[in-house]
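A.B. asks: So that we are looking at the same thing, I have put the structure below in structure tokens.
The values are calculated or read from the model by the stated rules, or taken from the named source; none is laboratory data. Just so you know, these numbers come straight off a predicted model, no measurement behind them. All Cβ positions, glycine included, derive from the backbone under ideal geometry; neighbour counts span all protein chains shown. Accessible surface areas use protein heavy atoms only, side chains included; no ligands, DNA or RNA. Shrake-Rupley method; radii C 1.70, N 1.55, O 1.52, S 1.80 Å.
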Amino acid sequence: VQLQASGGGLVQAGGSLRLSCVASGTTRSIKAINWYRQGPGKEREFVASISKDGTTNYANSVMGRFTISRDGGGNTVYLQMNALEATDTAVYYCHGRLRTGQGSWGQGTQVTVSS
């Protein structure tokens, strides 16, 4: 499974961005798609996830501001980020949790929020 993240950029505080994660390869093996982020000098942290059955989960820090969704085919997952704050500045990574128990990471996309 290969994952390709895109959509990052520079935005002012209060603005919005939408990230995309496109999965390819043996996508039937994907159990869930997660978004993680790693801010400057910080450890990588969980942001949001969506499972094959559509169940979503969010970190408390983004609840009510970020929305994870997927397209009809299920191979593209979106992270709509609204009301962005400077603390949301990070490299965002998509991650596929596979039925085998393994995981697959995509490359990151940089999100920078200016205050």
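A.B. asks: For the range 65-78, check the following and say yes or no: at least one residue is surrounded by fewer than 13 Cβ atoms within 10 Å (Cβ to Cβ) and β-branched (V, I, T).
C.D. replies: The answer is no; no qualifying residue exists.
A.B. asks: Are any residues in the range 16-30 at pLDDT 95 or above, over 17 Å from V113 (Cβ atoms) and either of a type in the set (F, W, Y) or open to solvent by 60 Å² or more (accessible area, probe 1.4 Å) (or both), and if so, which ones?
C.D. replies: V22
A.B. asks: Further, regarding this structure: If a residue counts only when it is over 20 Å from S104 (Cβ atoms) and free of Cβ contacts under 8 Å to residues at least 40 places away in the same chain, which strands (runs of 3 or more DSSP E) contained entirely in the range 20-89 have at least 2 such residues? I'd like the intermediate steps shown before the answer.
C.D. replies: Working: elements: 30-38, 45-51, 56-58, 66-70, 76-81.
Here the list reads 66-70.
A.B. asks: Considering only residues of the range 90-107 that are assigned to a loop (DSSP other than H, G, I, E, B) and open to solvent by 30 Å² or more (accessible area, probe 1.4 Å), which is nearest to V47 (Cα to Cα)?
C.D. replies: Among those that are assigned to a loop (DSSP other than H, G, I, E, B) and open to solvent by 30 Å² or more (accessible area, probe 1.4 Å), it is Q107.
A.B. asks: Inspect the range 44-57 for any residue being surrounded by fewer than 13 Cβ atoms within 10 Å (Cβ to Cβ), at pLDDT below 95 and not aliphatic (A, V, I, L, M) and give the result as yes or no.
C.D. replies: Yes, the range 44-57 has at least one match.
A.B. asks: Still on this structure, I have one more. State all residues of the range 18-43 that are farther than 23 Å from T100 by Cα and of a type in the set (D, E, K, R); if no residue qualifies, say none. Steps first, answer last, please.
C.D. replies: Residues of the range 18-43 that are farther than 23 Å from T100 by Cα, as a first pass: 18-20, 37-43.
Correct list: R18, R37, K42, E43.
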